[in-house]
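Novice: Provided herewith is a single structure, encoded as structure tokens, for subsequent inquiry.
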Amino acid sequence: MKKFSLRTRLVIWFSSLLLVIMVVTLSIMLAVSNSVLNTDVKESLVQTVTANIEEVEYLDDLNASEHEPGDHFVKFNDGFLEIDDDFLDDINGICCALYDSQANMLYGENIIHAPITTDGKIHMVKYGGERYYTYCHSFEQSELNGLVLQGIVDENAKKTVLSQILNISLLLLPILSAIAIAGGYISAGRSLRPVEQINAAASSITDGNDLSKRIDVEERNDELHQLADTINKMLERLENSFEDEKQFTADISHELRTPVSAILAQTELILEKDRSGEEYKKALSLIERQSRRMKNIIEDMLRFSRLERLETLDLTEEVDLSCLTDAVCEEQAARKEKGITLTYDIEPNIITFADTDMMIRLMNNLISNAYRYGRDNGLINVSLKKSGKTILLEVSDNGIGIAQKDIDKIFERFYQSDRSRTVSKDGCNIGLGLSTVRKIAQLHHGEITVKSAENEGSIFTLNLPMTNNTKEILNNEK
Ligand code: ADP
């Protein structure tokens, strides 16, 4: 069995089962109908004989009563028997006949010459290879004494229908079975086609190392199509994460190339000839700066990739967001970079379920950007308030703003607008700040948006759902 294909195995199983069901059903059907018909034949025999009893009357004198046309008269003892025309002498294969006490037939038919019995039971008689049932009734009235009414019926009288059913079944069942098996074979083939497609697609993906391929199946909702659909979704996720991985590696290489090139150029230059102590010191301090920058880049990237991998956060910690924002702003205000003034306007007692470290990271990123891209002696404002069932955290500045063409891209990782590259001189920003902010917002079931105008400034807004417990967050998610 193992050497057969799934399709053949299915058809073999299905056909064998069909055969067994057919044989069992047919046997049960025949056994039951046989016994039902046997009982039916015997009952009809007794009923016909009993019905005929009423149709026989004794007459002393033929002129003593009125006769109906069709009535028969037979001499019996000292008088006559009047046999009504309703007497059923041959009906539904049942023959009836009347006999006197010497077993002489007076009226009717006895095709098989069955003996007369007087015990009031049904008897079985064999004649000419066939089986017959006989039933005799002895009249008890004094004037009909010795008169016997006998009924005879062929055991197979009613079995012709049964044999017809059997014949039709024997003819039809193999034809129907053949149709069912052929249908089963075709439909098994059709149902299993997605398996072949899955197999072919999987092989071509493996052979060509091409994750962009998909299993091409028609729209249907059976299990195999659902499986194909799931595999397609899995391939899409695999492809995306593979592409992400490739992009991430390319971005890392790109970010690290600048400091590495600077270090190499500096070392090559300094090693060209003997230098003074001052020159070595200058070169080493540049190398140190670039190495420090590399260290920061690597740390940022590690932190970011750890964050990216998180699917959910365990938001069970109740955080006083008002206090937290106040503390972050106080610390950030102390930077006093570029003569920028940071003001903050915080509604008290805003408490929600959040991750403290993540929220600090989010605020620091937004405020650091506002400093970095803020104008000299500019302004930064941080505000925190409730609005309906939402908490709104806003960080605004009157800095360089963001060009419309960049606005949709700034949340992508490693994205930096050309202007920001020129503006930022510390070299530590690598375009991961806003991706981090967006990821943290998502992990808190919130959303980050931006409004900005070039040379006027930017407003970053974080919307967080106001929740009393984590269950509420999960319910809102649904
Ligand atoms: P970066 O490390 O370059 O700051 P971010 O992801 O934090 O990376 O920001 C991405 C880009 O968004 C920045 O390069 C800059 O062009 C723009 N940006 C972010 N914040 C501001 C802001 N407050 N004002 C103007 N531009 C901003």
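Novice: Restricting the first residue to region 312-335 and requiring it to be over 24 Å from residue 370 (Cα atoms), which pairs with a second residue that is acidic (Asp, Glu) meet a Cβ separation below 7 Å and a spacing of at least six or different chains?
Specialist: Pairs that qualify, where the first residue is over 24 Å from residue 370 (Cα atoms) and the partner is acidic (Asp, Glu), are 313/355; 315/355; 317/355.
Novice: Considering only region 371-389, state which residues are more than 16 Å from the ligand (Cβ to nearest atom) and not in a loop (DSSP other than H, G, I, E, B).
Specialist: Hits for region 371-389 are 384, 385, 386, 387.
Novice: On to the next question. Regarding region 76-84, can at least one residue be identified that is farther than 17 Å from residue 151 by Cβ and free of Cβ contacts under 8 Å to residues at least 24 places away in the same chain?
Specialist: Taking every residue of region 76-84 in turn, at least one turns out to be farther than 17 Å from residue 151 by Cβ and free of Cβ contacts under 8 Å to residues at least 24 places away in the same chain.
Novice: Also: I'd like to check something: does region 123-130 contain any residue that is farther than 21 Å from residue 35 by Cα and in a strand (DSSP E or B)?
Specialist: yes
Novice: Which of the following residues is in contact (Cβ under 8 Å) with a residue 24 or more places away in the chain, among the polar types (S, T, N, Q), surrounded by 11 or more Cβ atoms within 10 Å (Cβ to Cβ) and in a helix (DSSP H, G or I): 191, 204?
Specialist: Result: 191 is the single residue among 191, 204 that is in contact (Cβ under 8 Å) with a residue 24 or more places away in the chain, among the polar types (S, T, N, Q), surrounded by 11 or more Cβ atoms within 10 Å (Cβ to Cβ) and in a helix (DSSP H, G or I).
Novice: Every residue in region 371-387 that is open to solvent by 40 Å² or more (accessible area, probe 1.4 Å) and either touching a strand residue (DSSP E or B) at 6+ places or on another chain (Cβ under 9 Å) or closer than 16 Å to residue 321 by Cα (or both), please. Write out each step before concluding.
Specialist: Let us first name the residues in region 371-387 that are open to solvent by 40 Å² or more (accessible area, probe 1.4 Å), namely 372-373, 375-377, 379, 381, 385-387.
373, 375, 377, 379, 381, 385, 386, 387, listed by residue number.
Novice: Now a separate question. Testing residue 451 on (1) within 12 Å of the ligand (Cβ to nearest atom); (2) out of contact with any helix residue (DSSP H, G or I) (no Cβ under 7 Å at 6 or more places or on another chain); (3) touching a residue at least 12 places away in the same chain (Cβ under 8 Å); (4) outside any helix (DSSP H, G or I), one condition comes back false. Which one is that?
Specialist: The failed condition is (3).
Novice: Okay, moving on. Regarding residue 368, is this residue out of contact with any strand residue (DSSP E or B) (no Cβ under 7 Å at 6 or more places or on another chain), within 13 Å of the ligand (Cβ to nearest atom) and either open to solvent by 20 Å² or more (accessible area, probe 1.4 Å) or assigned to a strand (DSSP E or B) (or both)?
Specialist: yes
Novice: Can you tell me which of (1) among the hydroxyl-bearing types (Ser, Thr, Tyr); (2) away from the ligand (no atom under 11 Å from the Cβ); (3) at pLDDT below 95 is the one residue 420 doesn't meet?
Specialist: Status for residue 420: all satisfied but (2).
Novice: Of all the residues that make up region 341-365, how many are of a type in the set (S, T, N, Q), touching a Ser or Thr at 6+ places or on another chain (Cβ under 9 Å) and more than 16 Å from the ligand (Cβ to nearest atom)?
Specialist: Matching residues across region 341-365 total 2.
Novice: Within the bounds of region 238-249, is there any residue that is open to solvent by less than 60 Å² (accessible area, probe 1.4 Å) and more than 31 Å from the chain's Cα centre (by Cα)?
Specialist: So far as region 238-249 goes, yes, one or more of its residues are open to solvent by less than 60 Å² (accessible area, probe 1.4 Å) and more than 31 Å from the chain's Cα centre (by Cα).
The values are calculated or read from the model by the stated rules, or taken from the named source; none is laboratory data. Predicted model, so just to flag it, every value in this text is computed and none were measured. Positions of Cβ are generated from backbone atoms using ideal geometry, with glycine treated the same way; all protein chains shown enter the neighbour counts. Please note that ligands, DNA and RNA were not included when accessible areas were found on the heavy atoms of the full protein model with its side chains. Shrake-Rupley method; radii C 1.70, N 1.55, O 1.52, S 1.80 Å.
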